[in-house]
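> Okay, handing you the structure first.
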Amino acid sequence: MAAIPCDLAKGVRLSQVLLSVWFEESSEALLSDAAPAEEEAEEPEEGAAAPTGPSKDTLYKLIPERIAQSDGMNDFNNMKKTLMQAEADYNEIPGGKEMAEAKEEKMKEIEGLKEQLANFENKFLEVKASWDPDPKAVAPWMNTLMDCATKGVYTFVAGGTFWPCTNMMNAFGTGKDLYAECEKVLSVYQKRHEIERNVPNTYIFKLVPNVFQEGETFDYNAAIDKIFTNWGLPLELEEGVKPPKLDVLVLYWWDVKEGDPVAAAKAIMATNKVKSLGLSNFPLEGLKMMVRAGVDVALVELCVPLGGLEHEQTKTIMAFCQLHGMKIVLSNALLGGLLTSTHVGRVTCPGDPFGTAMDPIGPVAEGRLLVQNFGGWKAFQGLLGTLSEVAKRHSVPLELVALRYYINRGCFPVIGVPWLGVDTMPDISKLETDFLEPSDMSQISKAFY
């Protein structure tokens with residue numbers, strides 16, 4: 001059963017492809033309000049901090065483009081055209097008493113349109129003014145995310161480095177939060193998108209309790225409040241104000257035999273601060289525990305080896321999820337950018353000893369580890385060759401072949417962000433049509449297996 005865009009709950013939409021957002025820079029650097037850099041800035045003094053943020057020329061180009069593409073601007077322009085047409089129609093109405101009523105009705109219509117135009121103009125002016133308080137260093141990053149939304153992604157995952165390609169202190173250290181940095185910066189985009197676009201996005205958050213830490217009870221209410229704080233949501237509300245809720249909170253549990261994941265899931269939903277609950281990488285027994293306990297699970301994230309969808313164990317889990325209405329999302333579907341046409345025919349894997357050094361932390365490092373476990377770079381080239389062959393038959397990029405294959409297998413693939421011109425976002429609108437033949441699916445399955 002192919003994965004089809006759907007609603008997990010009221011106002012919680014799942015796009016066909018999800019975008020995992022991870023900022024390589026710290027939130028402090030990105031959210032600083034440093035002045036835009038000059039194009040020909042003087043060399044900084046020795047020991048001085050390097051200037052951060054985009055140049056003035058970049059901002060002068062970027063901001064007008066964003067304003068021009070905003071729904072506020074489009075609504076204003078469309079209403080102005082409608083008003084001009086109504087005024088032209090009014091002028092075409094003949095004079096005379098017999099047409100007086102028609103002219104009066106048309107004039108009422110014109111006055112109503114003028115009022116609507118004024119409202120749209122105010123909205124448009126709000127969009128223009130909204131850029132002033134935004135941290136300038138974050139503007140290009142927000143622009144990239146907005147471009148992804150324009151291309152059809154409306155579900156964003158607050159991501160970060162995770163096991164095994166992360167700092168162990170971040171994963172197990174007391175009081176550490178794996179996703180706080182991303183949540184803080186992504187909240188700026190959420191506000192930016194809300195101003196510029198009429199239809200809201202959906203945001204997925206993650207929670208990773210340290211189940212191995214003895215002697216302490218994990219406070220789920222406090223953990224969710226911390227996400228609220230990172231997201232810029234108030235913890236204390238005025239009387240009568242409806243409390244906010246996270247769209248989706250995904251629970252990761254290191255070992256379902258340790259602690260009580262069912263009690264944790266119930267504690268999360270009992271806070272009444274989450275619309276939909278997700279689970280990450282739960283084994284079949286863990287999923288059965290949730291169903292038996294009556295826990296409503298909206299989605300399950302799969303973190304499987306490359307080709308893992310062909311394994312019987314994974315197929316059993318997916319069948320169970322589909323039987324119980326749980327949507328399946330596939331983590332790091334493009335291996336941090338390794339599963340793309342860019343790497344077809346490359347002799348060595350990025351980060352090999354004789355190549356360019358690669359950050360051991362992050363999605364690309366995770367992708368490289370998956371490639372190694374798949375059989376190494378040579379075996380991976382065989383997979384890329386098959387995907388490339390299918391892609392040429394259908395005149396689409398290799399990435400879209402892989403994504404459509406995952407979708408046909410019943411998964412919503414999660415991909416990374418093509419940051420700041422390093423790569424391009426695939427045209428996911430082409431995924432709305434199933435361009436793969438049964439023979440293509442069979443060929444790809446064999447290549448993965």
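Rule-based calculations on the coordinates, nothing more; no lab input. Given the structure is predicted, the values throughout are model-derived calculations rather than measurements. Virtual Cβ from ideal backbone geometry, glycine too; neighbours counted across all protein chains shown.
> For the range 199-264, report the translational diffusion coefficient in µm²/s to the nearest whole number, using Stokes-Einstein at 10 °C, 1.306 mPa s, and a Kirkwood Rh over Cα pairs.
So the translational diffusion coefficient is about 114 µm²/s.
> May I pose another question? What area, in nm² and to one decimal, does the C-alpha convex hull of the range 228-269 cast on average over all directions?
Value for the range 228-269: 4.1 nm².
> Tell me the label-point distance for the pair HIS324, ALA293, using the 7 Å Cα-to-Cβ offset, in nm and rounded to one decimal.
Each label point lies 7 Å from its Cα, and together they span 1.1 nm.
> Extension gain GLU236-LYS108, at 0.36 nm per residue separation less the Cα-Cα distance, in nm?
41.5 nm
> Same structure, new question: What is the spin-label model distance, in nm, from LYS315 to ASN77 if the labels are put 7 Å beyond Cα along the C-beta direction?
5.1 nm
> Subtract the Cα-Cα distance of ASP255 and SER439 from 0.36 nm times their separation in residues, and report this length gain in nm to one decimal.
Roughly 62.4 nm would be gained on extension.
> Now for a different question. Given the C-alpha atoms of the range 181-234, compute the convex hull and give its volume per residue in Å³.
Given the Cα convex hull of the range 181-234, per-residue volume reads 86 Å³.
> With a Förster radius of 41 Å, plug the Cβ-Cβ distance of ALA129 and MET99 into 1/(1 + (r/R0)^6) and report the FRET value to the nearest 0.05.
It comes to 0.40.
> By a straight-distance test (C-alpha under 27 Å), which lysines pair with LYS392 as possible cross-link partners, with residues fewer than eight away in the same chain excluded?
Within reach: LYS151, LYS378, LYS430, LYS446.
> Another question, then. Based on other C-beta atoms within 10 Å, arrange THR314, THR155 from fewest to most.
Listing THR314, THR155 from fewest to most nearby Cβ atoms yields THR314, THR155.
> Let me ask another. What are the ³J(HN,Hα) values, in whole Hz, obtained from phi via the Karplus relation 6.51 cos²θ - 1.76 cosθ + 1.60 with θ = phi - 60°, for each residue of the range 129-145 in sequence order, with x given for Gly and Pro?
Along the range 129-145, the couplings run 6, 5, 6, 4, x, 5, x, 5, 5, 8, 4, x, 5, 5, 5, 4, 5 Hz.
> OK, next. FRET efficiency for LYS266 and ASP219, Cβ-Cβ distance as r, R0 = 22 Å, nearest 0.05?
0.95
> Would you kindly calculate the translational diffusion coefficient of the range 371-421, applying Stokes-Einstein with the Kirkwood radius from alpha carbon pairs, for 37 °C and a viscosity of 0.692 mPa s, and quote it in µm² s⁻¹ without decimals?
Roughly 266 µm²/s, to the nearest whole number.
> What ranking of LYS288, LYS206 emerges when the number of other C-beta atoms within 10 Å of each C-beta is taken as an exposure proxy, fewest first?
LYS288, LYS206
> Shifting gears a bit: Which lysines, if any, have their Cα less than 17 Å from the Cα of LYS242, not counting same-chain residues under 8 positions apart?
LYS10, LYS273, LYS275
> Which percent of Cα-Cα pairs in the range 54-113 sits in each 5 Å bin, short to long?
4, 16, 17, 13, 11, 9, 7, 7, 6, 5, 3, 2, 0
> If you don't mind, another one. Relative contact order, percent, of the range 258-337 when contacts are C-alpha pairs under 8 Å separated by at least 6 residues?
In percent, rounded to a whole number, it is 29.
> Hull surface divided by four, with the convex hull built on the Cα atoms of the range 257-296: how many nm²?
Answer in nm², one decimal: 2.8.
> Further question: Tell me which residues come under 5 Å, amide H to amide H, from VAL300 once H is placed; ignore anything under 5 positions away on its chain.
For VAL300, whose amide H was placed from the backbone, the distant partners under 5 Å are LEU279, LYS327, ILE328, VAL329.
> Label points 7 Å out from Cα along the Cβ direction at GLU87 and LYS430: separation in nm?
Going from the GLU87 label point to the LYS430 one covers 4.4 nm.
> Moving on to the next point. For the range 205-332, divide the Cα radius of gyration by the Kirkwood radius and give the resulting Rg/Rh value with two decimals.
When Rh is taken as the Kirkwood radius, the ratio is 1.00.
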